[in-house]
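Right, one structure below, let's go through it.
The values are calculated or read from the model by the stated rules, or taken from the named source; none is laboratory data. Source: prediction; values computed, not measured. No Cβ is skipped: glycine too gets one built from the backbone with ideal geometry, and neighbour counts run over all protein chains shown.
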């Protein structure tokens, strides 16, 4: 996300940008429109270094647009994208939903906070943990994730 791309969110500066930046503005408009038109979103989000990937972060930056997905008010921010269900399907090399590594999980709290900021409270997680811990742990993580799939929707 660059300053000129971010500046295009409100549309006031459209004629002041070069053609490649205007193309980026159109992409942002398309992505936020698709997001707003959806009622159920399924997001694939592998955990990278305890958090989300840069690709997911870039998408989140494009859909967080004042006046479209949230507003600032005298009483604080108000999310404008309520009524959606977000299902996050994640894979982790270790175990972060319990145990000693739980405090290192910045992915789930970040995504919960971000979507709550947009007004979305129906957020569900399916996690396959232990992918880097060995065949037995990986198989168990996949089994747990598959069982969770039947409960998310």
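Below are the figures for this structure:
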read-out	value
Count of residues meeting criterion [farther than 16 Å from residue 50 by Cα and outside any helix (DSSP H, G or I)] in segment 103-125	7
Unique match (being surrounded by fewer than 16 Cβ atoms within 10 Å (Cβ to Cβ) and part of a loop (DSSP other than H, G, I, E, B)) among 139, 100	100
Subset tally (residues that are part of a strand (DSSP E or B) and surrounded by 11 or more Cβ atoms within 10 Å (Cβ to Cβ)) for segment 66-81	6
Residue 19 farther than 30 Å from residue 96 by Cβ, at pLDDT 95 or above and out of contact with any strand residue (DSSP E or B) (no Cβ under 9 Å at 6 or more places or on another chain)	no
Subset tally (residues that are in contact with a strand residue (DSSP E or B) (Cβ under 8 Å, 6 or more places away or on another chain) and without any contact (Cβ under 8 Å) to a residue 24 or more places away in the chain) for segment 95-131	2
Evaluation of residue 84 against (1) surrounded by fewer than 18 Cβ atoms within 10 Å (Cβ to Cβ); (2) at pLDDT 95 or above (one fails), failing number	(1)
So residue 51, is it surrounded by 14 or more Cβ atoms within 10 Å (Cβ to Cβ), touching a helix residue (DSSP H, G or I) at 6+ places or on another chain (Cβ under 6 Å), farther than 18 Å from residue 120 by Cα and touching a residue at least 12 places away in the same chain (Cβ under 8 Å)	yes
Count - residues of segment 39-48 that are assigned to a strand (DSSP E or B) and closer than 16 Å to residue 123 by Cβ	5
Restricting segment 142-153 to residues that are touching a strand residue (DSSP E or B) at 6+ places or on another chain (Cβ under 6 Å) and surrounded by 15 or more Cβ atoms within 10 Å (Cβ to Cβ), the residue that is farthest from residue 84 (Cα to Cα)	142
Residue satisfying all of: in segment 103-136; on the phi > 0 side of the Ramachandran plot and more than 21 Å from the chain's Cα centre (by Cα); surrounded by the most Cβ atoms within 10 Å (Cβ to Cβ) among these	130
